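A.B. asks: Before anything else, here's the structure in question.
Rule-based calculations on the coordinates, nothing more; no lab input. Since this is a predicted model, take the numbers as computed values, not measurements. Backbone-built Cβ (ideal geometry, glycine too); neighbour counts: all protein chains shown.
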Amino acid sequence: MAERSFKKEVEHLRLGAGEVFRGEGILAITKALLQSGVGYVGGYQGSPISHLMDVLADSQEILGELGVHFEQSGSEATAASMLAASINYPIRGAVAWKSTVGTNVASDALANLASSGVTGGAMVVVGEDYGEGSSIMQERTHAFAMKSQMWLLDPRPNLPSIVDLIEKGFELSEVSNTPLFLMVRIRTCHVTGEFIAKDNQPPQFSRSNTIDPQRQLDKIILPPIIFEQERDKIAKRLPAARAFIAEHQLNERFAGAADEVGIVIQGGLYNTAIRALERLGLADAFGNSQLPLYVLNVTYPLLPDELLSFAAGKRHLLVIEEGQPNYIEQEIGLMLRNAGSAVTLHGAGLMPGFGEYTGTMALDGMAAFVALTTPAGIDAEQVEARYQQQRTGVSDEHLQLLGDNIVARPAGLCTGCPERPLFSAVKQVQQERGSQFHISADIGCHAFATLPPFNLGNTIMGYGFSLAASSAIRAKLPHRAISIMGDGGFWHNGLTTGVASAVYNKHDGILIIVDNGYSAATGGQDIPSFVKPENLIATTREERPDNQPIEAAVRGVGVEWVRTVTTYEIAEMKATLQEALDTDYAGLKVIIAEGECMLNKQRRIKPQLKKRINDGVRTVKERFVVDPDTCTGDHACIRISGCPSLTIKENPDPLRVDPVAYVDNSCVGCGVCGGNAHSAILCPSFSRAEVVYNPNWRDRALRRLRDGVIGTLQRRLDRQQARSAL
Amino acid sequence: MARPRVAPPARRGDRYAAAPARPSTSEECAVSAASIRIVIAALGGEGGGVLGKWIADMADRNGYQTQTTSVPGVAQRTGATIYYLELFPRSAVAAASPVLSMFPAPGDVDLVICSEIVEAGRMVQRGFVTPQRTTLISSTHRSYGIAEKQHWADGSADKLAIATVCRDSAKRFIGFDMQETARAHDSVINAALFGAIAATELLPFAREAFEQTIRDGKIAVESNLATFAASFERALAFNSSSDNVVELFEPAATPVAAPRTATTASGRALLARVEQLPESAQALAWLGVERLADYQDHAYAASYLDMLETLPRDPQLLEEMARYLALWMAFEDLPRVAQLKIRSSRFARYRQEVKAGADQPLHMVEFLHPRVEEFCGLMPRRLGQWALGSALMGKLLGLFAKPRHFRTNHLSGFLVFYLVAGLRRFRRGSLAFHEEQQQRQRWVDAVAALAGEDLAAARELAHCGRFVKGYSDTRERGLRRVNLIVEALQQRPRSAAEIVALRQQAVADEDGSALRAALAS
């Protein structure tokens, strides 16, 4: 079940011409696709595109009414291949994923698509997860755009600009027979704003109005056609695109008084740049800037004529381009040189040249540019003074104090995560064996096990690649190679890249597949398999009786040793892992570690529990507590758990100084603390409280009996204690 | 490991230096802030997004255009995350739209709202809090990071230090335990933060607009409004009193100060002996005496004082020894655990902690995993030693030594514990008692011997008693650490600084290899 529901918000997608649409970036993007008359949409989840997939999933009713086909693709390659529908036919389509990882996966299909060229507009919406908080390596989608010749749109981050560019983008794609990327940065996906809506356009072709199959030999990827396609790209498609971009002024020029200089900027960075100029007194809140700006809403291809006309008469140009290599700056440099221009070009030297361009970086870069170029019409000294005023510094003494006391908060598994007991078990087996494991980790929440307190995992190669990643190292390890993969990764790539290949190569190692029934790390989207305890997959397709179990899949490609273990049975999990490490069986050993997300379970059963209690039905609620009397504050329990609900508090015992463990009210009673206390022989402090609501006569009678006897004995103990008092 | 802190924890009640002078209004730089810029720093799962939505909804209904951005995703899985809002008056929007930023920028934020004090510190660290401009609102409670929690002893941050920096770095700082305010009214922290925001009068909306927003949310309206009002009042106090905010928010722990009274003859005798100790060690020593009288009997407590009295009268050394010797002597064997588990006071506390009603049936399921070693430890010394070595006994005891659940509120479970607790009268003859006593005595002797030569080093060795805690493997690891250090000192004397360094190495890893390496070098 997706963590976030957009059921209410998607109603905005029905707004008609002239109405004001208010909402989040991802919803605006969806609305723009519908306004553009797309015939199909698809994609694969991953931040910041996960919510776009959730929006699409939640808007299936509206999509269905319009006749738009939707698929939740098995991977980005699946999604990219969907775009094949636009090769032969005038059908518009869009797919979405997280870039650049998703683009990597899709690149085979994209390259072929771009070579064939498209008849209907084809758009790939890529969410850029770039910068400090990113969960992926820092690379640019720009490189893919250039290498495959797909156009790259990078709109100014406000909803009207984004919506407009999506609509124009489909026209551009069709005019130039070229698929394109729409790039949205992570904050843009979640920015809120408003725009004036248009009517949705139902696609021309649908189930009720099918299209006659057509075959165009020049769209097939075979020699000698491929070479013709290459010629077509340069001779026809590129000039057509440039002409359209120029004619419709997709890039924007903003005049400024200080026309000796100019700034060339990616559309997506426009707001950040304007804010920096505003703070330096060089722009107002509405974007009226004293420095002329050339805003590239299309960052590939560039338009030499436009650029040279902007540069004409200027002494200095500053290119603000996020990411490296600085492709745009390089190309502009070449344009200027070829045109014999004397303009001095600045870019990655004044700006950091890598990483996400934040407000501070823009401020520093602009101030440095003005100081260096002192353009006529601008009081550079005053700008410098304002810059100095804007700079903030925290004193060294404070920084030291903060540095000593501000703790890192690495990502971890949520309270009640079914993966926690698995990693507790793995860590305990590792401790019992007395040596470190080499573990090939994978993409997904389970990757957090590489962080404290588990510290398990050595490499992450890609989504579903962990088994393949242990294929060479397995021959050099003192223990059987261990790979851990999520169910999401398994279906995305792991089954073929990993399991099938490993069986074929007689891989004598262990694959643990974490199976919680849905794609957890990206926000709870559906996958082909789901776990037994409940049919969790309720978001988009309600109940799915036709599930595709992981066990059947691995047996189908030849795995013989398969164990399915409930993660919450820590002792059994440990025993299974020990068995897999020690068995004589030499083939691939697959452990399916199955467990339901307890937060999901809470969402599912909480209303039921509440109803039962309100209805007067006998109900038992469970949670864990730690006894502060017997807890000695060594926190061994935390080191094999890391549960957010298992925390510390000041020791109530004045003799002891170390904080005691403490289970806070967010505990969902998953039982991992108790299981760990047992299996790792920790301490006698853990206790499970079972609170009975609406007790029946038996509960009440037993309670009276127990309390009577126990109370008497306790009073005796109290008297003894009083006697031993000083 | 974050920052090994083996020295005694800082006294939490210490006052930090007074606030430095703030720039006066005339010195404030004239920044053309066309929009109101707000940062919300929250932890994953706390609902920072909901607070952002409250502010945005309120602004929207009161003539302001709002833009919010955030980076959800991985950051929310227990990580820290921030939401950024800009509010722009619609009256100023004519034909053109304002260009609002996607990022908060250092030096360019009017209001920073934090759900936790370390996150407030992080906002200062990142430069979002400036004395010229920024009002900082933060709850002062702690939500501990994994590095703090997994520390073998106490790795927790000094929140008073952070709060002091917050006070000195902000134009205005409002900090108190808003989680407690929320809890008192059975609500969530957002409502408390919202109340504090309203009290600052920084946003151009009246209190009624805030309250209306809560009502429009239609969720837990009554409790949210009550929390809002309580927090509003509390925050107002900060408005009128800006210099002593650190006093306004509570200093955490109270120093050790228990009333010392004795009613029995032997109790009075013990008290008289405690009062002969250096003043600063008396409180701890008396706690130790009380602990041991409860653990065993008055004679046992007297033997504790015997040991303290043989040591040099150095206050600091005696403080350390009073604490760690008492804890070691009151080690948690099965009778002790049973004794603590079945107390009426524990039953009451337990019921309160799980919020069970007074007449609600409550089952208490204890998770125990006694090992064969624990059973043998209970036996008379020689029998226990024999049993430990006997395969047959191992098998027999193995029937009991396994993961077990006991329901202490059921007769069967209670009676088992009751009987085991009664075994403490035979404790002195038991194997476990004998072994603990031997190990403890080696440490006490080493401290006493060292105190004659190097008092500072002896204090640090005394502090090594802190390693001795926990159960089974954890306890054995701790004991091994103390033993290794004691043995190393017998080989050659080491300075206080060297012992501190050894202590740090001792907790650098779980298997003790860092300590062994440090001792070998």
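A.B. asks: Using the count of nearby Cβ atoms within 10 Å as a rough guide to exposure, how do A:Ile638, A:Ile186 rank from fewest to most? Show your work: numbers first, answer last.
C.D. replies: Working: A:Ile638 23, A:Ile186 26.
Going from sparsest to densest Cβ surroundings: A:Ile638, A:Ile186.
A.B. asks: From the Cα gyration tensor of the stretch A:588-726, with a ≥ b ≥ c the square roots of its eigenvalues, which class applies: rounded if a/c is under 1.5, or else prolate if a/b is larger than b/c, or else oblate?
C.D. replies: On the way: a/c = 2.18, a/b = 1.12, b/c = 1.94.
Judged from the Cα gyration tensor, the stretch A:588-726 comes out oblate (a/c at least 1.5, b/c at or above a/b).
A.B. asks: DSSP loop GluC sites (Glu not before Pro) in the stretch B:281-319 with at most 12 other Cβ atoms within 10 Å of their Cβ, which ones? Walk me through the numbers on the way to the answer.
C.D. replies: On the way: sites: B:Glu290, B:Glu309, B:Glu319; in loops: none.
Counting only loop positions with at most 12 other Cβ atoms within 10 Å, none of the GluC sites (Glu not before Pro) in the stretch B:281-319 qualifies.
A.B. asks: Averaged across the residues of B:469-479, what count of C-beta atoms belonging to other chains lies within 10 Å of each residue's C-beta?
C.D. replies: Mean partner shielding for this stretch: 5.
A.B. asks: I've got another one for you. Please go through the stretch A:371-430 and write out the trypsin sites (Lys or Arg not before Pro) that DSSP classes as loop and that have at most 11 other C-beta atoms within 10 Å. Could the numbers behind the result be given before it?
C.D. replies: Details: sites: A:Arg386, A:Arg391, A:Lys427; in loops: A:Arg391.
Loop-located and lightly packed - none at all.
A.B. asks: Which of the lysines could a cross-linker span from A:Lys649 if the Cα-Cα distance has to be under 23 Å and same-chain partners fewer than 8 positions apart are dropped?
C.D. replies: Reachable lysines: B:Lys149, B:Lys159, B:Lys341, B:Lys355, B:Lys469.
A.B. asks: From the residues A:Cys189, A:Gly403, A:Leu296, which one has its Cα farthest along the dipole of the protein assembly as shown in the positive direction, the dipole being from +1 and -1 charges on Cβ of Lys/Arg and Asp/Glu about the Cα centre?
C.D. replies: Sorting the options by dipole projection puts first A:Gly403.
A.B. asks: Sticking with this one: In whole Hz, with x marking every Gly and Pro, tabulate ³J(HN,Hα) for the stretch B:327-336 from phi via Karplus 6.51 cos²θ - 1.76 cosθ + 1.60, θ = phi - 60°.
C.D. replies: Per residue, the Karplus-derived 3J(HN,Hα) values read 5, 5, 5, 9, 4, 8, 8, 4, x, 5 Hz.
A.B. asks: Bin width 10 Å, origin at 0, all Cα-Cα pairs of the stretch B:433-520: what percent of pairs per bin?
C.D. replies: 18, 54, 27, 2
A.B. asks: While we're here: Can you quote the Å³ per residue value for the convex hull of the Cα atoms in the protein assembly as shown, rounded to an integer?
C.D. replies: About 203 Å³ per residue, rounded to a whole number.
A.B. asks: Using the Cα gyration tensor of the stretch A:255-339, with a ≥ b ≥ c the square roots of its eigenvalues, what is the shape: rounded (a/c below 1.5), prolate (a/b larger than b/c) or oblate (neither)? Write out the running numbers ahead of the final one.
C.D. replies: Details: a/c = 2.14, a/b = 1.39, b/c = 1.54.
Oblate is the answer for the stretch A:255-339, as a/c is 1.5 or above yet b/c matches or exceeds a/b.
A.B. asks: May I ask you to derive the relative contact order of chain B, considering only C-alpha pairs under 8 Å and at least 6 residues apart, and to give it as an integer percent?
C.D. replies: 10
A.B. asks: Stokes-Einstein D for the stretch A:161-218 at 10 °C, 1.306 mPa s, Kirkwood Rh over Cα pairs, in µm²/s?
C.D. replies: Taking Rh from Cα pairs, D becomes 107 µm²/s.
A.B. asks: Take the Cα gyration tensor of chain A, multiply each eigenvalue by 5, square-root it, and list the three semi-axes largest first, rounded to whole angstrom.
C.D. replies: Ellipsoid semi-axes (Å, largest first): 53, 34, 26.
A.B. asks: Out of residues 5 or more away from A:Leu182 or on other chains, whose amide H comes under 5 Å of its own, with H placed 1.01 Å from N in the peptide plane?
C.D. replies: Sorted by chain and number, the residues that satisfy this are A:Val124, A:Val125, A:Val126, A:Leu153.
A.B. asks: OK, next. For the stretch B:334-429, what is the relative contact order in percent, using Cα pairs closer than 8 Å and at least 6 residues apart in sequence?
C.D. replies: Values: 96 pairs, mean separation 42.6, N = 96.
In percent, rounded to a whole number, it is 44.
A.B. asks: Hey, what's the Cα Rg ratio for the stretch B:27-248 versus the globular rule of thumb, 2.2 N^0.38 Å? Intermediate results must be reported in sequence, preceding the final value.
C.D. replies: Working: Rg = 16.9 Å, N = 222, 2.2 N^0.38 = 17.1 Å.
After normalising by residue count via 2.2 N^0.38 Å, the value is 0.99.
A.B. asks: Still on this structure: Can you work out ³J(HN,Hα) from phi for every residue in the stretch B:55-62, in order, using Karplus 6.51 cos²θ - 1.76 cosθ + 1.60 and θ = phi - 60°, giving whole Hz and x for Gly and Pro?
C.D. replies: Values per residue, Gly and Pro as x: 5, 5, 5, 5, 5, 4, 7, 10 Hz.
A.B. asks: Right, here's the next one. Report, as an integer, the average count of C-beta atoms from other chains found within 10 Å of each Cβ along A:702-711. List each step's numbers first, then the result.
C.D. replies: Numbers: counts 4, 6, 0, 1, 8, 3, 1, 3, 11, 2.
Mean shielding count: 4.
A.B. asks: Report the antiparallel proportion of the DSSP beta bridges in the stretch A:202-327 as a percent, rounded to a multiple of 5.
C.D. replies: 35
A.B. asks: If you don't mind, there's one more thing I want to ask. Please report the spacing between the Cα centers of the stretch A:55-100 and the stretch B:353-403 in Å, no decimals.
C.D. replies: Measuring centre to centre over Cα atoms gives 61 Å.
A.B. asks: Run through the stretch B:267-321 and list the trypsin sites (Lys or Arg not before Pro) located in a DSSP loop whose Cβ has at most 16 other Cβ atoms within 10 Å.
C.D. replies: Sparse-neighbourhood loop trypsin sites (Lys or Arg not before Pro): B:Arg313.
A.B. asks: In peptide A:397-404, what is the residue-averaged number of other protein chain Cβ atoms found within 10 Å of each Cβ?
C.D. replies: Average per residue, whole number: 6.
A.B. asks: May I pose another question? Pairing the Cα long axis of helix B:159-169 with the longest principal axis of chain B, what angle in degrees results, from 0 to 90 and rounded to the nearest 10?
C.D. replies: On a 0 to 90 degree scale, this one is about 20.
A.B. asks: Which residues' amide hydrogens lie under 5 Å from the amide hydrogen of A:Val626, considering only partners 5 or more residues apart or on another chain, with H built in the peptide plane?
C.D. replies: A:Val663
A.B. asks: Can you give me the span-like helices of chain A, meaning DSSP H runs with 20 Å or more of Cα extent along the axis and Kyte-Doolittle mean at or above -1.0?
C.D. replies: Qualifying helices, which must be both long enough and hydrophobic enough, are A:101-116, A:159-175, A:359-373.
A.B. asks: On to the next question. Roughly how many debye, to the nearest 20, is the charge dipole of chain B about its Cα centre, given +1 on each Lys and Arg Cβ, -1 on each Asp and Glu Cβ, and no other charges? Don't skip to the answer; put the middle values down first.
C.D. replies: Numbers: 62 positive and 57 negative charges, 324 e Å.
It comes to approximately 1560 debye.
A.B. asks: Between the alpha-carbon centers of the stretch B:132-161 and the stretch A:223-240, tell me the distance in whole angstrom.
C.D. replies: 61
A.B. asks: Cα axis of helix B:207-217 to longest principal axis of chain B: angle in degrees, 0 to 90, nearest 10?
C.D. replies: Here the helix axis deviates by roughly 70 degrees.
A.B. asks: Using the scaling law 2.2 N^0.38 Å as the reference, what is the normalised Cα Rg of the stretch A:618-694?
C.D. replies: The reported ratio for this selection is 1.11.
A.B. asks: Over the stretch B:72-201, what per residue volume does the convex hull of the Cα atoms give, in whole Å³?
C.D. replies: Output value, Cα hull per residue: 143 Å³.
A.B. asks: Shifting gears a bit: Using only the alpha-carbon atoms of chain B, report the extent along each of the three principal axes, biggest first, to the nearest angstrom.
C.D. replies: So the extents along the principal axes, rounded to whole Å, are 94, 56, 49.
A.B. asks: For A:Gly39, enumerate residues with amide H under 5 Å from its amide H, sequence gap 5+ or separate chain, H modeled in the peptide plane.
C.D. replies: Under 5 Å from the amide H of A:Gly39 lie the amide H atoms of A:Arg92, A:Gly93, each far enough along the sequence or on another chain.
A.B. asks: Tell me, how many Å apart are the Cα centres for the stretch B:260-330 and for the stretch A:112-178?
C.D. replies: After rounding, the separation between the Cα centres reads 75 Å.
A.B. asks: May I pose another question? May I ask you to list the lysines whose Cα is less than 16 Å away from that of A:Lys476, ignoring any residue fewer than eight positions away on the same chain?
C.D. replies: Reachable lysines: A:Lys506.
A.B. asks: If you take every DSSP beta bridge fully contained in chain B, what fraction is antiparallel? Give it as a percent rounded to 5.
C.D. replies: 60
A.B. asks: So in the stretch B:27-248, what percent of DSSP beta bridges are antiparallel if you round to the nearest 5?
C.D. replies: That works out to approximately 55 percent antiparallel.
A.B. asks: Another question, then. Along Cα→Cβ, 7 Å out, is where each label goes; now give me the distance between the ones at A:Ile226 and A:Glu560 in nm to one decimal.
C.D. replies: 4.1
A.B. asks: Okay, next question. Take the alpha carbon gyration tensor of the stretch A:101-237, find the square roots of its eigenvalues, order them as a ≥ b ≥ c, and report rounded if a/c is under 1.5; if not, report prolate when a/b exceeds b/c, else oblate.
C.D. replies: Verdict is oblate for the stretch A:101-237.
A.B. asks: Spelling out what I want: for every residue of the stretch B:303-315, take phi, set θ = phi - 60°, compute 6.51 cos²θ - 1.76 cosθ + 1.60 (Karplus), and round to whole Hz; glycine and proline get x.
C.D. replies: Going residue by residue, I get 5, 5, 5, 3, 5, 4, 6, 6, 7, x, 7, 8, x Hz, with x marking Gly and Pro.
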